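Each remark here refers to the structure printed beneath this line.
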Amino acid sequence: MGKKRKIKVYSEKCKGCGLCVQVCPAGVLEISGEINRKGMPVVKVRDIEKCTGCGLCFIMCPDCALEIVEEE
Ligand code: SF4
Ligand code: SF4
């Protein structure tokens, strides 16, 4: 069986625009209320188990703050 592909968030690159939250068909992501070192609100993974690794959020993010990675 192949490894599952899941989303990973690089919080320091995120500016909390919410595009990825809107585009995710599985409701995986949410704006967390946390602030990164640049003072920007950041997105976080609400439920990684729901992520299909479809990559829509990765394509949508204007700041390259998301990556699709293989699960350990
Ligand atoms: S890879 Fe697909 S399912 Fe996973 S968080 Fe991104 S848009 Fe949602
Ligand atoms: S689209 Fe990118 S910059 Fe915008 S909230 Fe999502 S991860 Fe952050």
Of the residues in region 9-32, those that are out of contact with any Leu (no Cβ under 9 Å at 6 or more places or on another chain) and among the β-branched types (Val, Ile, Thr) come to Val28, Ile31
Of all residues in region 9-18 being of a type outside the set (Asp, Glu) and surrounded by fewer than 15 Cβ atoms within 10 Å (Cβ to Cβ), the one that is nearest to Val69 (Cα to Cα) = Tyr10
Picked from region 22-40 (must be touching a Cys at 6+ places or on another chain (Cβ under 8 Å) and not in a loop (DSSP other than H, G, I, E, B)), the residue surrounded by the most Cβ atoms within 10 Å (Cβ to Cβ) is Leu29
Which ones in region 1-17 are under 18 Å from Met60 (Cβ atoms), in contact with a strand residue (DSSP E or B) (Cβ under 6 Å, 6 or more places away or on another chain) and assigned to a loop (DSSP other than H, G, I, E, B)?
-> Cys14, Gly16
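State whether one or more residues within region 50-72 are basic (Lys, Arg), surrounded by 13 or more Cβ atoms within 10 Å (Cβ to Cβ), within 9 Å of ligand 1 (Cβ to nearest atom) and in contact (Cβ under 8 Å) with a residue 60 or more places away in the chain.
no
Taken together, the values in this text are just the output of simple stated rules run on the coordinates, not laboratory data. Quick caveat: nothing in here was measured; it's all calculated off a predicted structure. For neighbour counting, all protein chains shown are included, and Cβ atoms are generated from backbone atoms with ideal geometry for every residue, glycine included.
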